[in-house]
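Taken together, the values in this text are just the output of simple stated rules run on the coordinates, not laboratory data. If you're wondering where the values come from, they're calculated on a predicted model, not measured in any experiment. With ideal geometry, Cβ positions are generated from the backbone for all residues, glycine too; neighbour counts draw on all protein chains shown.
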Amino acid sequence: MKTKLLAMVAVLALCGGAQAQEAKVQSVLLRSVTVTCKLEESIAFYRDILGQEVMEDNVQSPDGAMRFLDVGPMSKVRFVIMRGSGVYPGGEIIGGRIAFMGIEDPKAPACKDAANVKNQRGVQGSEIHPHRVANIDEIAKRAKAKGVEILFGPKVSGSRLSRNMMMFDPNGRIVEVFEVNITKTPE
């Protein structure tokens with residue numbers, strides 16, 4: 001009797017496992033996390049130019065951080081999450097957040113080349129981070145005033161349904177900003 005009961009439990013477990021394997025896989029990007037040795041510059045860029053605000057700022061345990069960051073046991077590591085807000089034409093948008101694993105230790109192996117990182121056009125493995133914005137002209141004005149390298153724009157997109165601009169953040173990453181129009185911009 002006990003053997004039959006164990007066999008039934010094993011069959012039920014296998015059936016349950018098969019159902020779990022057949023379940024639809026879903027994924028939503030909640031945030032993009034950048035490892036940076038330029039944390040304060042990064043916060044200032046996203047705050048002062050893009051209007052983001054810090055919503056979380058926590059010191060991390062170096063022991064825990066050492067599992068995935070190239071830092072030492074005495075390194076100070078902060079996890080910072082920023083968010084944007086605003087009312088856009090066409091309705092509310094639910095999007096991800098920008099976050100940073102900030103290494104505040106210039107001697108950490110992860111920071112050894114931070115001062116030499118240059119802005120570069122996209123290459124294998126690099127990312128372009130798009131942000132939907134309101135008032136792209138004000139953002140362009142702020143970026144120019146801060147000496148940010150702007151790749152192009154603001155300019156009307158090919159579909160004429162948005163105006164776009166690309167620039168570099170303090171980590172050399174390309175940031176695209178776009179302002180959506182409800183109707184096509186005249187030619």
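Take the Cβ-Cβ distance between Ser85 and Ala145 as r, set R0 to 22 Å, and report the resulting FRET efficiency rounded to the nearest 0.05.
On the way: r = 22 Å, r/R0 = 1.01.
Given R0 = 22 Å and the Cβ-Cβ separation, E is 0.50.
Its residues counted as N, the range 31-180 yields a C-alpha radius of gyration over 2.2 N^0.38 Å of 1.11. Using the average count of surrounding beta-carbon atoms within 10 Å as a protection proxy, the listed peptides 51-57, 105-111 rank, highest first, as 105-111, 51-57.
Distance between the pseudo-spin-label points of Asn135 and Phe68 (7 Å out from Cα toward the beta carbon): 3.5 nm. Once C-alpha pairs closer than 8 Å and six or more residues apart are averaged by separation and normalised to the residue number of the range 31-180, the relative contact order reads 24 percent. Charged neighbours of Pro170, selected by a Cβ distance under 11 Å, balance to -1 (K, R count +1; D, E count -1).
Do any of Lys38/Lys118; Lys118/Lys144; Lys76/Lys141; Lys38/Lys155 go past 23 Å between their Cα atoms, and which?
Working: Lys38/Lys118 13 Å; Lys118/Lys144 18 Å; Lys76/Lys141 34 Å; Lys38/Lys155 29 Å.
Going by Cα-Cα distance, Lys76/Lys141; Lys38/Lys155 fall outside the 23 Å limit.
Net charge in the neighbourhood of Glu149 (other residues with Cβ under 13 Å of its Cβ; Lys, Arg +1, Asp, Glu -1) is +4.
Taking the Cβ of Cys37 as the center, what net charge do the other residues with Cβ under 10 Å away carry, scoring Lys and Arg +1 and Asp and Glu -1? Walk me through the intermediate numbers first.
Numbers: positive: Lys38, Lys112; negative: Glu41, Glu104, Asp105, Asp113.
That sum, taken over residues with Cβ under 10 Å, equals -2.
Just subtract the alpha-carbon distance of Val28 and Ser126 from 0.36 nm times their residue separation and send over the number in nm, one decimal.
Values: separation 98, 0.36 × 98 = 35.28 nm, distance 2.00 nm.
My answer for the length gained is 33.3 nm.
About its Cα centre, the range 31-180 has a charge dipole of approximately 380 debye under the convention of +1 per Lys or Arg Cβ and -1 per Asp or Glu Cβ, with nothing else charged. Classified by the C-alpha gyration tensor, the range 121-187 has an oblate form. Its axis ratio a/c, with a ≥ b ≥ c, is 1.5 or above, and a/b does not exceed b/c.
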